[in-house]
Amino acid sequence: MKMRLSAIFLRIAAFGVAGVGAYAAAQTTVAVVEDRSVLAVRETLADQGYTWATVLGDGLQIILEGQAPTEAQRFRAISAAGGMVDASRVIDNMSVIDSAAFTPPEFAIEILRNDSGVSLIGLIPATTDRDQLAAQITKIAGGQTVTDLLETGDYPTPDTWRESLRYALRALEILPRAKISVAADRVSINAIADSPQEKRKLEAALARTMPQAVRVAISINAPRPVISPFTTRFILDGSGAKFDACTADTEEARDAILVAASAAGFTGKANCTLALGAPSRTWGEAVAAAIDAVNGLGGGTVTISDTDITLVAPMGTDKTTFDDIVGGLDNALPAAFALAAELPQAPEATPDGPPQFTATRSPEGLVQLRGRIPDDMSNMVAQNYAIAKFGQSRITMRTRVANGLPQGWSVRVLAGIEALSRLSNGAVVVEPDRIQVRGNSGNTEASAEISRLLIEKLGQTAAFDIDVTYVEHLDPIAGLPTPEECITRINAVTADRKITFDPGSAQLTADTQPIVDDIAEILKVCGDLRIRVAGYTDSQGREVMNLQLSQDRADAILSALRARRVPVSTFEAIGYGQENPIADNATEEGREANRRIEFSLIAPESTAEELNALDQIALENRLEKEEQSAQ
């Protein structure tokens, strides 16, 4: 019995020892598998850039912890771990960083327009009505190709985004060649104009519609003008140093000219035009040397026209000094230039004094010609020339035929009349030895243009004094009225005179034609504006018919303005029917007042409201589509 129990206990002990050994071996195997699995997953995640993930082992399970930047990154990390171990062993304890902590991307558009069409690239809010935007761009492109590479982002729309986009589209409408960069708080415009005049006009138009809450940077480049002859004229006399005309081919040449002028006593602001057409690359060097010679003489005039230089010394200059300065200049000039120098002599006195011809132009545009003319034929030519320049109704003749006038007097008279045509108001005095031009102009280049004109007509040795003042309100571009002033002027025209139509039709009455003429003249001066022409009726008749009649009448006004060559591409005509009455429709007087045409600016606030409404509709449509997809 005892032997049998001992054998049983021995077997149990053997099984116990074997179990303990098996358990220890299993634990060792699990630990080895765990360590190798954790190491393999860690290396894989590190190699793929998921350094934010932490790998832990729990037996045969692999636990992933950490904050993933995005849901997609979290999913990719789980997939990468599942590629190294059985996917069922991977436990996901990761979280995703709150998207609210991210800074939304900046909405921005790059718009490029040239002769090939319009292209757009960038990111816009998802609430933007793409169809409306595409329609606007297509209309602006005017049949040109439109390439739309815009992407959308479902992030909050910045408050000033719509205002920036609206201004950019307005700029795109008036700029045929431009690059426009749009952001929520800024708009940058780089454009090309065909001429300096067009550049000023475009800058004025863009400035007039500039938004208040958005930073705007405008850079419009115009090709340099071609000037022929290439001219500079410098004068040094008792009143100081000045330029009648200043032209340079490079900035370096302009700097050299102005340095020489400053050394001669010039202290003003020179409008030295950079232009094409210089006869030599050494233009700046030659002009600077000529100005230095005038300074050396203590006064005089130097005219450089292409490669011809004419130096006129002050009357009474010492002959030795004159020869010395002229000789030095002749040797200092580049080889391409030719010098002619003159030392004037005092004119002989005559019993009647020097002959004189005077042409004056008043601020109202009335022109009077008076003074001596050599013969009847010359007098008739001068009168006809003035009529061609100013109009027949504006000319008053006070001239008289006289004998003994200098040779070429008629040519000097005609040159004086043409010089006067470059002034808004002023006077030209023609004498045998000099022409004086005084007055005001709205053209910053008037002095230079008159100088080139007199040199061309009378030669480089001609003596003339030009004193033209630039007056901003005379400038047809800088003096443009504000949009509000334009509407005020139109309202003043229609305050006492009413636009009327034939009963029940959109045909303008004969009495209305002069009113439309006056409105057209105002709009031609105002330039590009966004104007709404609104038509209204009284309450008599069916509402639908009144609405159509008011629309027809508003369209008729737009057509009448177009026929008078008013640019109406930015205008809109809307008929409101019997809405918004301004008087009682129960009386004849009230109904007459309610039948009216009103002009108003298309204000940015109204456009913003329309865009907000369209964006809200687009948002509702998008949410509705998402709900349908979810179902």
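The values are calculated or read from the model by the stated rules, or taken from the named source; none is laboratory data. A quick note: this is a predicted structure, and the numbers were derived from the prediction, not measured. All Cβ positions, glycine included, derive from the backbone under ideal geometry; neighbour counts span all protein chains shown.
Quick notes
- Selection within the stretch 73-112: residues that are at pLDDT below 80 and small (G, A, S). The member of this set that is farthest from I180 (Cα to Cα) is A87.
- Within the stretch 201-219, residues that are over 10 Å from V187 (Cβ atoms) reach partners that are hydroxyl-bearing (S, T, Y) with beta carbons closer than 6 Å, at six or more positions or on different chains, in the pairs A213/T160.
- Exclusive hit being in a strand (DSSP E or B), within 48 Å of the chain's Cα centre (by Cα) and either charged (D, E, K, R) or not assigned by TED's automatic domain parsing to the domain that holds Y470 (or both), set R372, R398, R412, R422: R398
One line per residue, one yes/no per condition, for (1) basic (K, R); (2) within 30 Å of P156 (Cβ to Cβ):
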| site | (1), (2) |
| --- | --- |
| Q48 | no, no |
| A53 | no, no |
| L56 | no, no |
| Q67 | no, yes |
| T70 | no, yes |
| R76 | yes, yes |
| M94 | no, yes |
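- Only a single item in (1) surrounded by fewer than 17 Cβ atoms within 10 Å (Cβ to Cβ); (2) over 30 Å from E203 (Cβ atoms) is not met by I499, and it is number (1).
- Taking the stretch 273-303 as the range and being in contact (Cβ under 8 Å) with a residue 40 or more places away in the chain and within 35 Å of the chain's Cα centre (by Cα) as the test, the residues that pass are T273, L274, A275, L276, G277, A278, P279, S280, T282, W283, V287.
- Residue in the stretch 334-352 that is in a helix (DSSP H, G or I) and of a type in the set (A, V, I, L, M, F, W, C) present: no
- A count restricted to the stretch 494-539 and to residues that are assigned to a loop (DSSP other than H, G, I, E, B), out of contact with any helix residue (DSSP H, G or I) (no Cβ under 6 Å at 6 or more places or on another chain) and farther than 19 Å from P481 by Cβ stands at 8.
- Every residue from the stretch 69-92 that is within 57 Å of the chain's Cα centre (by Cα) and of a type in the set (S, T, Y): T70, S79
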